[in-house]
1. Could you please find all residues in region 111-156 being open to solvent by 50 Å² or more (accessible area, probe 1.4 Å) and part of a helix (DSSP H, G or I)?
2. Under the condition of being at positive phi and out of contact with any His (no Cβ under 8 Å at 6 or more places or on another chain), which residue from region 181-224 is surrounded by the fewest Cβ atoms within 10 Å (Cβ to Cβ)?
3. I'd like the residue in region 349-373 that is in contact with a helix residue (DSSP H, G or I) (Cβ under 7 Å, 6 or more places away or on another chain), assigned to a helix (DSSP H, G or I) and not charged (D, E, K, R) and, out of all such residues, is surrounded by the most Cβ atoms within 10 Å (Cβ to Cβ).
4. On the basis of being at pLDDT below 90, touching a His at 6+ places or on another chain (Cβ under 8 Å) and surrounded by fewer than 21 Cβ atoms within 10 Å (Cβ to Cβ), does T234 make the cut?
5. Please state which one of F145, F173, F169 is under 25 Å from the mean Cα position of the chain (by Cα) and touching a residue at least 24 places away in the same chain (Cβ under 8 Å).
6. Right, A378: assigned to a helix (DSSP H, G or I), farther than 26 Å from Q279 by Cα and modelled with pLDDT under 80 or not?
7. Against the definition (closer than 20 Å to I277 by Cβ, modelled with pLDDT under 80 and not basic (K, R)), how does G353 come out, yes or no?
8. Among the listed residues V328, V343, identify the single one that is within 15 Å of I375 (Cα to Cα) and at pLDDT 75 or above.
Amino acid sequence: MTLNRIDLGTQCTIRETGEKGIIKKIYFYPTKYEIEFSNGKIKHCATQDLDIDGMERPVIKKIVSDIPNNGIGNQWTTWAPFEGESCVKHHFATSKEIMWRMLTSLEIYNVWFYGIQRTLPVSDALRYVHRFSFTNFNLEPGSYFKIRPRTIAPYFRCRILTFEQEKEFGFTFKTSPLDSEYIQFSIEETDYGVWVTCRRNSKGFFSFLSQYNWHAKSRILQKLDTIVPKVEFTDNNQKEELPGTDSELDGFSSKKDLIDYAINMGMEGNMDYINSIPQKPIRGMAKAGVVRATRTGVIPPKPEKLSGVSVPPASGGGLAALSREEIVAYLVNKGLDGNMDTVNDHQDKSTRGKAKAMIVKIKRGTVERPPMPAIPDATNPPINEGETEEQLMERLITIGIQGNMDEINSLDNRVLRGKIKAAIVKAKRAQK
């Protein structure tokens, strides 16, 4: 029975006072009741104020998510004579690996950490360039780095004191010669991402200086959240598991090689390759690497795929004779024609992801539909008749510089293949 179809004269009880009465009238929009008590008193009550005889209504509980709005958690600061302490918590929709990389990337602290204009390593390296780069910096307890505050003050030395992989990272910090703080970041993994807690402690006569500009200091993790790559989570609130086989690593021997290769592709402007990586944690770490490489200018070496793993040989027939780009175009055309089973049944996750992403873009009108590639017969593989070895090298070097290594990796002549790859590396270095 609905609450506005109750029979008049039904007994009810006021929840707050325990008084009993009967329902005389029912009003709609919103539903209210006119209650008459035994002493003749009349009162108007809403449905949540009454217990109606003969009706059982479950108690409505408000379900509150463990993740606060915008990820902002507890923020507080306190000061007692000669001692100050503050704490800021924030939830990030990313993986623990990405979060650890961001927190230990000291070279980008000037982007999000309040009060820092620049960070530099404290190094006695012989090469002048290494003194201004964190490339060879030993990130371990006892190591020193220096920061320049956003004031007229000079550089101040900071020292790493806490370093527990993907858990805790702490260092001394100062922006004036009068007061020094200890800053510690801790990471706690959840089903939806990670909680990061930043604690700041200062002691001494001038510890009250740590309380200045608290409003800006309490927002550092919110600012960090704007540059941290996000990781999507599945419907069962669990992250996708990391790959463990070479086929899932797109032909690379390790996860690190795949990430380094994706970073290089992103720096070359090919973000579609990163977006097509099916493993979301790896995709997030690749995007974080692109952000880091863009800010620091340090790009990891571009690894090569293992020959014969995910690159099909061009000497065979059928789909095996097509390059990766041609296979993507083939799957895209099949999908647009209504045959999504062919796309979903393709074994290479990276190629399948690229095809699905392109199908979405074509339907939105942002890119044009690629032509359907011609599938050669298995008994008559394509041969470039009349092409000399010099012409072959020149053509493959040109397409290799553009990033298409499929035909090069499929060459049976190892000596020729090595010469072509060496020429590609030399040409790319000359371009820089």
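The values are calculated or read from the model by the stated rules, or taken from the named source; none is laboratory data. Please read all numbers here as calculations on a predicted model, not as lab measurements. No Cβ is skipped: glycine too gets one built from the backbone with ideal geometry, and neighbour counts run over all protein chains shown. All accessible areas refer to the heavy atoms of the entire protein, side chains included, with ligands and DNA or RNA removed. Shrake-Rupley method; radii C 1.70, N 1.55, O 1.52, S 1.80 Å.
1. Result: Y128, V129, H130, R131, F132.
2. Initial filter on region 181-224 (at positive phi): 193, 204, 213.
Now drop any that are not out of contact with any His (no Cβ under 8 Å at 6 or more places or on another chain), which leaves 204, 213.
Values: G204: 14, N213: 11.
Here the answer is N213.
3. Ranking the candidates gives A355 first.
4. Working: at pLDDT below 90: yes; touching a His at 6+ places or on another chain (Cβ under 8 Å): no; surrounded by fewer than 21 Cβ atoms within 10 Å (Cβ to Cβ): yes.
Against the criterion (at pLDDT below 90, touching a His at 6+ places or on another chain (Cβ under 8 Å) and surrounded by fewer than 21 Cβ atoms within 10 Å (Cβ to Cβ)), T234 does not qualify.
5. Values: F145 fails: under 25 Å from the mean Cα position of the chain (by Cα); F173 fails: under 25 Å from the mean Cα position of the chain (by Cα).
Going through F145, F173, F169 in turn, the sole match is F169.
6. Against the criterion (assigned to a helix (DSSP H, G or I), farther than 26 Å from Q279 by Cα and modelled with pLDDT under 80), A378 does not qualify.
7. Values: closer than 20 Å to I277 by Cβ: yes; modelled with pLDDT under 80: yes; not basic (K, R): yes.
Yes: the conditions hold for G353.
8. On the way: V343 fails: within 15 Å of I375 (Cα to Cα).
Just one listed residue meets the conditions, V328.
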